1. Could you tell me whether the range 77-87 includes any residue that is at pLDDT below 95, out of contact with any helix residue (DSSP H, G or I) (no Cβ under 6 Å at 6 or more places or on another chain), surrounded by fewer than 13 Cβ atoms within 10 Å (Cβ to Cβ) and closer than 27 Å to residue 204 by Cβ?
2. Filter the range 150-160 for residues that are over 13 Å from residue 132 (Cα atoms) and in contact with a His (Cβ under 9 Å, 6 or more places away or on another chain); which is surrounded by the most Cβ atoms within 10 Å (Cβ to Cβ)?
3. Being surrounded by 14 or more Cβ atoms within 10 Å (Cβ to Cβ) and without any contact (Cβ under 8 Å) to a residue 12 or more places away in the chain is the filter here, so list the residues in the range 161-176 that pass it.
4. Looking for something among the charged types (D, E, K, R) and either at positive phi or outside any loop (DSSP other than H, G, I, E, B) (or both) - is there at least one such residue anywhere in the range 213-233?
5. Which of the following residues is loosely packed, with under 14 Cβ neighbours inside 10 Å, in a helix (DSSP H, G or I) and of a type outside the set (Phe, Trp, Tyr): 179, 102?
6. Which residue pairs have Cβ atoms under 8 Å apart, sit 6 or more places apart or on different chains, and have a first residue in the range 130-144 that is in the same structural domain as residue 162 (by TED's automatic domain parsing) and a second that is of a type outside the set (A, V, I, L, M) and part of a helix (DSSP H, G or I)?
7. Scan the range 196-224 residue by residue and report those that are touching a Ser or Thr at 6+ places or on another chain (Cβ under 7 Å) and among the basic types (Lys, Arg).
8. Out of the residues in the range 237-247 that are closer than 17 Å to residue 319 by Cβ and assigned to a loop (DSSP other than H, G, I, E, B), state the one that is modelled with the lowest pLDDT.
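The values are calculated or read from the model by the stated rules, or taken from the named source; none is laboratory data. If you're wondering where the values come from, they're calculated on a predicted model, not measured in any experiment. Here Cβ is always computed from backbone atoms with ideal geometry, including for glycine, and neighbour counts include all displayed protein chains.
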Amino acid sequence: MKGTTIGLDIAKRVFQAHLVDSASGEVTRTRLQRGEVLQHFAQLQPSRIVMEACGASQHWARELVKLGHEVSLIAPQFVRPFVKTNKNDVADAQAIWTAAQQPEMRSVAIKSEEQQAVLALHGIRERLKKSRTAAINQLHGLMGEFGVELPRGWRTMLPKAAAALDAAQSPVPALLQPQLRHQLDEVRSLTEQMAQVERQIMAWKRCQEDCERIAAIPGVGLLTATAAVATIGDAKVFRSGRQLAAYLGLVPRQSGTGGRVKLLGISKRGDTYLRTLLIHGARSVLTHTDPKAEPNTWLSRMLQRRPHNVAAVALANKMARQIWAILAHGSKYEPHRGSPREVATTAPA
């Protein structure tokens, strides 16, 4: 059994394992209840267990590693082409096993509980932010129906909306005012909950040397630094900074045949949340960049010849590569260090 590959399709209650004996070619299909999984694999010799990278896969990967097995997680889009005809648990387990046999099949890194906890905090904050945005937009719409124009920023919107409701001659009908006041309280409550989550993330960041080092990169703040460290984990899993940028979907898609390749827009594959944070961070850098003040820098030249959004994505790509270099080599950010071509261009004659 040692060295055997097992395809495991996980679910909430019923798990399906697929095993092919390397000597006889005999196929073994095992259906397991959730409570039987660890007991079943504890009785097996160390094997290679392959699963799809889906919900709860990180938990099961950590538990199976504790039992002495080697665990690989494969992205679902790489498993789907190997599903034969109808999709069911048996076919999925067989497809996972088949995908694991392919040469150069890429796997997803297994995250620690701490990494998952930090990413969970980010997810909670995003949900709170969306709820607050929905409440604010509804306040703008409802009060606008009665002629009350509110400012765009929520910090200035809250006191203006409260003042409009408390005015002696308020244009908002008395029937609606109590519910709008409750909605204002909801916005304040959501804002305070977001602040509490951010304080937790900040406390974790201060304990992580990697977060502090990559936070020195312009455009990388609290959220980007902590999300990057929690998502990437061991940066040496990626061979280069370009591979990390490709993993985040910050490189062009390719379409070509006959040796002629056409580059399209960015692929937008991989981690959407981290990619969004990097692009927003790049936009903040562009906002404070004056191409006329330093016309010979890489970013200034990019802004001169390419549209603003293209320059933002290019800078986000560069930031991802810088993050990989700092995490993989344990170095610090050097603001004046650039590529040999850039150094030669900016060097005095």
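1. Scanning the range 77-87 turns up no residue that is at pLDDT below 95, out of contact with any helix residue (DSSP H, G or I) (no Cβ under 6 Å at 6 or more places or on another chain), surrounded by fewer than 13 Cβ atoms within 10 Å (Cβ to Cβ) and closer than 27 Å to residue 204 by Cβ.
2. My answer is 150.
3. Answer for the range 161-176, where residues must be surrounded by 14 or more Cβ atoms within 10 Å (Cβ to Cβ) and without any contact (Cβ under 8 Å) to a residue 12 or more places away in the chain: just 170.
4. Yes, there is a match, as at least one residue in the range 213-233 is among the charged types (D, E, K, R) and either at positive phi or outside any loop (DSSP other than H, G, I, E, B) (or both).
5. When all the criteria are applied, what remains is 179.
6. 132/154; 132/191; 135/183; 135/186; 136/154; 138/183; 139/183
7. Scanning the range 196-224 gives a single hit, 205.
8. 238
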